[in-house]
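One structure is given below, encoded as structure tokens.
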Amino acid sequence: MMASSRHGVKATLRGAFQHIQGEKWQPLEQQFRSLRLTQSRTTGRRCMSTETSLTERQSFRAAREFDLDNLASQLKTVKHARAVPVSPSYFSRSPRFNDRYLGLEKLMRMYGNLPTVPAADAGRVAWMSLADIKQAWGESVKATDYANCLIILKRLHQIHPDLKPPEVTRALDEFKRDIQAFDNEPSPILIDRYGRALGVGKRKSSTARAFVVEGDGQVLVNGKTLANYFGRVHDRESAVWALHATDRMDKYNVWARVEGGGTTGQAEALTLAIAKALMAHEPALKPALRRAGCVTRDPRTVERKKHGRPKARKGPTWVKR
Amino acid sequence: MSASKCLRCLVRPSPTTLPVSVPQHVPKNIAPFSTTGAKAGQNPKPAPSVPKNPNALQPYRSGKKMTLSKFKKNKVIDRGKAPLPGERKAWRKRISLSNDNALPVPWLTQMRPGDMADSGNVAKVFSLPAGLQDQLRACEAFKPTQSWNMFRTPSVLVRNETVDVMGRMQQAAGENKTARLVLTGDKFTGKSLMLLQAMAHAYLNEWIVIHVPDAQELTTASTEYAPIPGTDPVQYMQPNYVLKLIQNFRKANEAVLSKTYTATAHPELPQNITVNTPLLNLCQTAKEPEGAWVVFRALWNELMAKNVPRPPILFTLDGLAHIMKMSDYRSPSFELIHSHDLAFVRHFTELLAGNTSFPGGGAVIAATSRSNAPRVPSMELVLAQREAEQAPRGAAEVPQPDPFFRGYDKRVESVLRSVDVVRVNGASKPEARSLMEYWAASGLLRDTVDEKLVTEKWALGGNGVLGEMERAALMTMRI
């Protein structure tokens, strides 16, 4: 692969001329000249490499393009030249990661002085985790290297978006996960022409939809009053907890549909639904609602049963024989 | 933790630990122990044998013991004296009307005769006068489920529905007619309390009140019954129940009954009752279940007697559904008896249907119940129909019977066909606020009663259902 590429050919040629001239290293210009001399080799002149004639100096031209097909026959190149790897980290255990890491460091050196935005404004990005990197690139990567790499990534990500060079963006993209969950912006809840805001909340296996309008504190859940729908006072209180915690009980009316689950789940699904709809009316209430525990969905659900066990975790009964 | 002995006592040698307390004159030659009682010369006499009490504690040898039986024997735990039969129920059913720990409410005024019919008194709380309390207690108007025991004095809130019901009663009494009302509404909305208010209004206005505190006692075959001879179709009397009712009735209506006189003589009674005897005396003749039904019939005839001055009468019943179904009683041919074939119940249903009416005017009020009530499809249907018919401007659609359902009862429909249905709803916000201020003044609601709190409890109580508000505000423990 390497020999067939243009770069590979150059390397091969370099090796060939080293062999001819018995020197280890030559500057690039000399190499070009020597390439020209090879044409004059047919005229019998040899060892002209150190001499420069006047005519040559005057008529300095770029080298002709290599005729790759006939080159091998024209030059007595080594048949099986050892290809020099492009990547300096080719012989390390994790060349892919290392290359990118070095690339990031280089970018950091180049663009580290560009103005940045605060980390909060840069936008959240789901970077590939260490496990993801190991999996995707098939290399074992040290956690320390990954952590250092992540620091650079985050610093580069903070570069002001208007000034961020495209190469930085490209380099960062390689470290992003395929699915960027943070890009999924929830669509804002709008208040319709009747003044209703629809909030949806879930808890356990219950789902609640609450229409919240400005009013005087009436609550209807599935067409029933709060007392008719929830037998337990605690459930009633948790259903309207969002309104209670923000002192908005007498400012809004709620009309809600709830389905699935039991009474507790339904009541707490309602909490979330009403809180979301309330935030559509008054976005400034979000911190207060968060303090009241009405913003985050409780992710706990029933744990699945496992085979070999009577329940999710319960061990089988001990039997003597 | 305080030490059981003070430190100074520990420093000083305590008198109990002094060697002085050991008797010094014990002869030294006596062995400190003896192997047998006989050899021990100075062995004290055995204690006089006391009769063995099996419950007395046996001395136990300490230490490990061999288990002789396969299973552990159950320990006998002394639980104290068990309550006597009926004691638990009496405790459960007791009614206490006052609580000395509750604060007296300074602005509370005693209820006067016209207060509950006055629409200016809506959303006001009135306390019941002591005499009225006794009357209501005598006719069992208070229920153990109502929370009278939390407040200093029993008080009631005047609501829109109250004024409505009292107005209808007043109007009917004024026109010498009988108002026929059925109170219905959601659970805990205060239907029984509305009955109590009607009774209070009647007592204060010197009506005669007959109250059936729980209709299920009449039809669940829990009191004795017997066919009334000479009736066709056969009707049944319930002498024990009627005896209790007459006694309560006499106690509660003593003042009015002593001013109301018999119109005819009653030679059939054990004591001869002549014309112009106070009805109180007539009631006092009921002493045994045997003659109770005769006395009741005489009393009923007197109450329904025409052409004599009779005060308005209020006949109330709680738990209407129970008398609108087949009773649990059996006829001699072992068929279920319809509740309307019970003679006492029939008096009520005839009044409710409008077939009979009180001579001096009055009201028949029945309250439905949501907590202990059998399903009676006919009653539900007819009440819903009546409610729709009475709705202003014919707003509601009149529900139709299900053509594929055969559980309807013609007799029930005929009774309820023309009653007025009063729906007891949740309280309005001003009413709720007034009540909560009363709670706060009684020291039960320890919060500032403002718009927010009222709305919150109003919503938690299912849009103003008073019982639920009480549960949410007073019965929930707050720490």
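Here, each number is a calculation from the coordinates, and none is a lab measurement. Just so we're clear, the structure is a prediction, and the values are computed from it rather than from any experiment. Please note: Cβ atoms are built from the backbone with ideal geometry, for glycine as well, and neighbour counts cover all protein chains shown.
List the residues whose amide H sits under 5 Å from the amide H of B:Gln110, counting only those 5 or more places along or on another chain, with H placed 1.01 Å from N in the peptide plane.
B:Ser127
Could you check the simple spin-label distance between A:Lys154 and B:Met326, using points 7 Å along Cα→Cβ, in nm with one decimal?
Label-label distance for A:Lys154 and B:Met326, simple model: 7.9 nm.
Quick one: net charge of A:Arg93's neighbours, Cβ under 10 Å, K/R +1, D/E -1?
Neighbourhood net charge equals 0.
Using θ = phi - 60° and the Karplus curve 6.51 cos²θ - 1.76 cosθ + 1.60, what whole-Hz ³J(HN,Hα) does each residue of the stretch A:245-261 get, with Gly and Pro shown as x?
These are the phi-based 3J(HN,Hα) values: 5, 9, 6, 10, 4, 9, 10, 9, 10, 10, 10, 10, 10, 10, 9, x, x Hz.
Across the stretch B:344-360, in residue order, what do the Karplus-derived ³J(HN,Hα) couplings come to in whole Hz, using 6.51 cos²θ - 1.76 cosθ + 1.60 with θ = phi - 60° and x for Gly and Pro?
For the stretch B:344-360, the Karplus curve yields 5, 4, 5, 4, 5, 5, 5, 5, 5, 6, x, 6, 10, 8, 6, x, x Hz.
Would you work out the charge dipole size for the stretch A:78-171 about its Cα centre, treating the Cβ of every Lys and Arg as +1 and the Cβ of every Asp and Glu as -1, and quote it to the nearest 20 debye?
That gives the stretch A:78-171 a dipole magnitude of about 340 debye.
What is the set of long-range amide H partners of A:Ser205 at a cut-off below 5 Å, with H atoms built 1.01 Å from backbone N?
A:Gly262
If you stretched the chain out fully between B:Thr277 and B:Asp118, how much longer would it get, using 0.36 nm times the residue separation minus the C-alpha to C-alpha distance?
That pair, B:Thr277 and B:Asp118, stretches by 53.6 nm at full extension.
Compute the distance from the alpha-carbon center of the stretch A:219-273 to that of the stretch B:308-334, in whole Å.
If we compute the Cα centre of each part, the gap is 41 Å.
Positive end of the dipole of chain B, charges at C-beta (+1 Lys, Arg; -1 Asp, Glu), about the Cα centre: which of B:Gln135, B:Gly407, B:Gly361 has its Cα farthest in that direction?
B:Gln135
Strictly over 21 Å apart at the Cα level, which of B:Lys93/B:Lys287; B:Lys177/B:Lys244; A:Lys224/B:Lys457; B:Lys89/B:Lys187; B:Lys89/B:Lys251 would you flag in this model?
Numbers: B:Lys93/B:Lys287 25 Å; B:Lys177/B:Lys244 28 Å; A:Lys224/B:Lys457 16 Å; B:Lys89/B:Lys187 24 Å; B:Lys89/B:Lys251 23 Å.
Correct reply: B:Lys93/B:Lys287; B:Lys177/B:Lys244; B:Lys89/B:Lys187; B:Lys89/B:Lys251.
Between A:Ser89 and A:Gln74, what is 0.36 nm times their sequence separation minus the Cα-Cα distance? Round to one decimal in nm.
Answer, rounded to one decimal: 2.0 nm.
With +1 on each Lys and Arg Cβ and -1 on each Asp and Glu Cβ, how big is the dipole of the stretch A:202-321 about its Cα centre, in debye rounded to the nearest 20?
On the way: 25 positive and 11 negative charges, 296 e Å.
Using Cβ point charges on Lys, Arg, Asp and Glu, the stretch A:202-321 gives about 1420 debye.
Can you run phi through the Karplus equation (6.51, -1.76, 1.60; θ = phi - 60°) for the stretch B:245-257 and list ³J(HN,Hα) in whole Hz, with x for Gly and Pro?
Running phi through 6.51 cos²θ - 1.76 cosθ + 1.60 with θ = phi - 60° gives 4, 5, 5, 4, 4, 5, 5, 6, 10, 3, 5, 6, 5 Hz.
Can you tell me how chain B classifies by the Cα gyration tensor, rounded, prolate or oblate, using a/c under 1.5 as the rounded cut?
The shape class here is prolate.
Which loop GluC sites (Glu not before Pro) in the stretch B:147-233, with loop taken from DSSP, have no more than 15 other Cβ atoms within 10 angstrom of their Cβ?
When the GluC sites (Glu not before Pro) of the stretch B:147-233 are filtered for loop state and at most 15 Cβ neighbours within 10 Å, B:Glu175, B:Glu206, B:Glu224 remain.
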